[in-house]
Amino acid sequence: MTGDELYECAKAVVSRADFIRFVECLNQDHKNNGDEWQNLTLDQFLAGLSGFSRDMSGYYKNMGEVVDVEEITWKMAAEMLLAATVYGA
């Protein structure tokens, strides 16, 4: 799965079942392309997750999306995990 396909998969998440499928795809991408991820270690991944979580209201604003970041959805959870693969802390 390409990065664009993972992005589209995250955007399509609307349910818990979709989220589970996304996490499975993300895990498979890590197995196949993990060396292409910016955040290669668990420490880096979690720092990226923390950083994106802190800054995500700006991300959604820049994307033109009106989102209440205090009430996350399954889609937002998927986007957070995807962002953590590359987001700098």
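The values are calculated or read from the model by the stated rules, or taken from the named source; none is laboratory data. Since we're looking at a predicted model, the values are computed, not measured. Here Cβ is always computed from backbone atoms with ideal geometry, including for glycine, and neighbour counts include all displayed protein chains. The accessibility values were calculated without ligands, DNA or RNA, using every heavy atom of the protein model including side chains. Shrake-Rupley method; radii C 1.70, N 1.55, O 1.52, S 1.80 Å.
Overview of values
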item	result
Residue ID - most open to solvent (accessible area, probe 1.4 Å), chosen from residues in the stretch 43-61 that are small (Gly, Ala, Ser) and in contact (Cβ under 8 Å) with a residue 40 or more places away in the chain	47
Where a residue in the stretch 17-31 is open to solvent by 70 Å² or more (accessible area, probe 1.4 Å) and its partner, wherever it lies, is assigned to a helix (DSSP H, G or I), with Cβ under 9 Å and at least six apart	21/9
Some residue of the stretch 62-75 being in a helix (DSSP H, G or I) and open to solvent by less than 50 Å² (accessible area, probe 1.4 Å)	no
Of the criteria (1) within 12 Å of the chain's Cα centre (by Cα); (2) in a loop (DSSP other than H, G, I, E, B); (3) free of Cβ contacts under 8 Å to residues at least 40 places away in the same chain, which one residue 40 fails	(1)
